[in-house]
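All of the numbers you see were taken from the coordinates with simple rules; none came from a lab. Note that this is a predicted model, so its numbers are computed, not measured. Neighbour counts are summed over all protein chains in view; Cβ atoms, including those assigned to glycine, are modelled from backbone coordinates with ideal geometry.
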Amino acid sequence: MTLKLSVLDQSVAAQGVSHGQVISQTVGLAQFVQDLGYHRFWVSEHHSHPSIVGTAPEILMAAIAAKTDRIRIGSAGVMLPHYASLKVAEQFRVLNELAPGRIDLGVGRAPGSDQRTAQILNPDRYASDRFPQQILELKAWLAGETMPVGHPGHGVFAYPQSQSRPDIWVLGSSDYGAQLAAHLGLPYAYAHFITDGAGSAQALELYRHHFRATEENPKPKAVVCVWALTAETEEEARFQFSSRARWKLDRQLGRIGPMLSPERAAESFSEAEIPHLKQLEQKAFIGKPSQVAQKLNDLADQLELDEIVVITWAHDHAVQRASYALLAREFGLAIERPNGA
């Protein structure tokens with residue numbers, strides 16, 4: 001089976017690039033990877049984060065829906081504890097009318113921010129405890145149903161309604177999300193790029209072992225989101241990776257900001273940081289196309305996956321696009337046409 005490739009873009013801030021340009025680049029990237037044959041395009045939600053300026057995935061998805069016609073569009077994800085389930089259901093029902101049958105509603109429990117910002121978004125300190133209940137509410141409202149008798153939402157419906165509906169995905173980087181997705185019979189996406197793969201095999205094993213089949217999802221369905229970057233040569237890929245490596249090392253020191261250019265990043269590593277840089281390079285999915293493709297295929301085989309979501313950070317948007325284009329060529333992706341057209 002040919003491995004499907006999808007994209008997660010976080011609208012990453014880059015030094016010297018306006019935030020408005022970053023958002024526009026995300027929309028343009030969706031069009032670009034659709035034409036390359038990628039399967040999905042997901043966007044993330046972060047708040048008060050100097051490195052990631054994508055704060056409202058539902059709005060960004062609407063813009064992407066207006067510019068695309070084949071690729072699936074999704075959130076990775078909506079940080080559900082910040083919001084009322086009904087409002088999220090309404091937003092994604094509207095999105096489904098803009099792009100019928102192409103909408104993925106990925107939901108997460110994490111704040112996508114620091115705790116102070118999370119408190120401002122929702123003063124309820126225990127909001128995340130309702131995460132499973134909120135997903136059940138979403139399932140009902142997206143299915144055109146109402147809540148059971150006794151629930152405050154009984155008799156309340158989410159509009160607009162139609163023949164199709166968004167697909168719900170549970171996102172996570174721990175065993176909790178895997179077990180919740182399994183219990184609810186929903187697709188699961190593991191954030192490999194957050195944990196550098198640690199725990200991915202265990203999470204997917206738990207998910208598959210405990211999966212409870214439903215009419216909508218008779219079998220478990222899982223993807224992992226992997227950070228990867230490729231270039232024409234391994235040396236160029238490592239050079240471009242220095243921006244990401246600099247960011248990761250800075251984050252460990254509590255310094256979070258826009259990505260530096262690879263020129264500035266490469267010259268910034270101290271002698272003491274060089275061993276850490278080498279470790280990051282060894283673990284990263286970087287290199288020329290054949291090398292990165294081999295790593296992705298090996299991971300897919302190891303985790304028994306038929307789809308991988310690729311996230312690529314690059315200071316230069318042209319480098320990011322080139323990386324996705326090189327991967328598409330290496331995997332022989334083909335443009336998906338509706339109804340075989």
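Tabulated data
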| item | result |
| --- | --- |
| Cα-centred dipole magnitude for the stretch 202-341, charges only on beta-carbon of K, R (+1) and D, E (-1), debye, nearest 20 | 320 debye |
| nm² value of the averaged projected area, convex hull over the Cα atoms of the stretch 127-180 | 4.7 nm² |
| Kirkwood hydrodynamic radius over Cα pairs of the chain, then Stokes diffusion coefficient at 25 °C and 0.890 mPa s, in µm²/s | 119 µm²/s |
| Phi to ³J(HN,Hα) by Karplus 6.51 cos²θ - 1.76 cosθ + 1.60 over the stretch 51-60, Hz, x for Gly, Pro | 9, 10, 9, x, 9, 9, x, 5, 6, 4 |
| Antiparallel DSSP beta bridges within the chain, as percent of all bridges there, nearest 5 | 5 percent |
| Gain in span if fully extended, Lys219 to Leu98, counting 0.36 nm per residue against the direct Cα distance | 40.7 nm |
| Sum of -39500 (n - 2.57) over DSSP H runs of 4+, divided by residues of the chain (222 nm, nearest 500) | -13500 deg cm²/dmol |
| Sparsely packed trypsin sites (Lys or Arg not before Pro) within the stretch 244-311, loop by DSSP, other Cβ within 10 Å at most 12 | Arg255 |
| Stokes-Einstein D in µm²/s, Kirkwood radius over Cα pairs - the stretch 1-102 at 4 °C with 1.567 mPa s viscosity | 92 µm²/s |
| Centre separation in Å (Cα based) which lies between the stretch 95-110 and the stretch 220-269 | 29 Å |
| From the C-alpha gyration tensor of the stretch 276-330, square roots of 5λ in Å | 19, 16, 10 |
| Entries of Lys219/Lys278; Lys4/Lys139; Lys4/Lys278; Lys87/Lys283 with Cα pairs more than 32 Å apart | Lys219/Lys278; Lys87/Lys283 |
| Nearest-0.05 FRET efficiency for His276 and Glu232, computed from C-beta distance (R0 30 Å) | 0.65 |
| Kirkwood Rh, Cα atoms: Rg over Rh of the stretch 44-96 | 0.98 |
